[in-house]
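Written out below as structure tokens is the structure these notes cover.
The values are calculated or read from the model by the stated rules, or taken from the named source; none is laboratory data. This structure is a prediction, so every number in the text was calculated from the model and none was measured. Every residue, glycine among them, receives a Cβ derived from its backbone with ideal geometry; neighbour counts consider all protein chains shown. Ligands, DNA and RNA are excluded from the accessible area calculation, which covers all protein heavy atoms including side chains. Shrake-Rupley method; radii C 1.70, N 1.55, O 1.52, S 1.80 Å.
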Amino acid sequence: MNKIINGLFKGIEAVIAIFLAVMITLVFANVVLRYLFNKGFAWSEEVARLCFIYLVYLGSIEAAKDNKHLLIDSILIKLPGITQKLVYILIQLIIIYLMYLMTFGSYGLMIQNLHDKWVATQFPIWGVYLSGLFLGISIIIISVINIVRLIFLKAPVSGLITATKEDDPLASAE
């Protein structure tokens, strides 16, 4: 199971790299074309914007998986054992709630823009909001797994915050 999950995240990393390469290539080519020939690709800005949106959202999923998102842990680490666990669970529940709001907000925007398209590429606008739906669902799953690791697998909070392979009880369960 762990190999499947790791493979899935390696795939996400590959997609991020592809989006980054496409975005850099298109923006650079457009700058050169506009500077040298006073012409550019009208569609390249939309494709680069789409690549950037998905790059950021997929990168956020990667950051959440590795617990590399913004977290000020200086106070959390200094709390006593049970309080530390309760605060960590509260943080994860807040994340789940916020991602719930994002998921349903993105879904609502998808439905609202179901028949709209971007001007140059004719890309459906709901595809942009699909990234928010995907992000919300993914981070909810990651937060639930973090709670399960803390409660049932007895992972220490410090191990969940730093997400090192040695502290990860699922990494040793292979």
(message) Among the listed residues VAL56, VAL27, VAL32, VAL22, identify the single one that is loosely packed, with under 15 Cβ neighbours inside 10 Å, assigned to a helix (DSSP H, G or I) and either over 14 Å from the mean Cα position of the chain (by Cα) or touching a residue at least 60 places away in the same chain (Cβ under 8 Å) (or both).
(response) VAL32
(message) Being aliphatic (A, V, I, L, M) and without any contact (Cβ under 8 Å) to a residue 60 or more places away in the chain: is that true of LEU71 here?
(response) no
(request) Could you please find all residues in region 35-49 being open to solvent by less than 100 Å² (accessible area, probe 1.4 Å) and either in contact (Cβ under 8 Å) with a residue 60 or more places away in the chain or closer than 16 Å to ALA21 by Cα (or both)? (result) ALA42, SER44, GLU45, GLU46, VAL47, ALA48
(message) Given (1) surrounded by 12 or more Cβ atoms within 10 Å (Cβ to Cβ); (2) more than 15 Å from the chain's Cα centre (by Cα), identify the lone condition not met by LEU114.
(response) (1)
(message) Just checking, does region 101-110 include any residue being in a helix (DSSP H, G or I), modelled with pLDDT under 95 and of a type in the set (Gly, Ala, Ser)?
(response) no
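Rundown of residues vs (1) closer than 30 Å to ILE151 by Cα; (2) loosely packed, with under 13 Cβ neighbours inside 10 Å, yes/no style:
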site: LYS65; (1), (2): yes, no
site: ILE77; (1), (2): yes, yes
site: VAL87; (1), (2): yes, no
site: ILE95; (1), (2): yes, no
site: LEU98; (1), (2): yes, no
site: MET110; (1), (2): no, no
site: VAL128; (1), (2): no, no
site: ILE139; (1), (2): yes, no
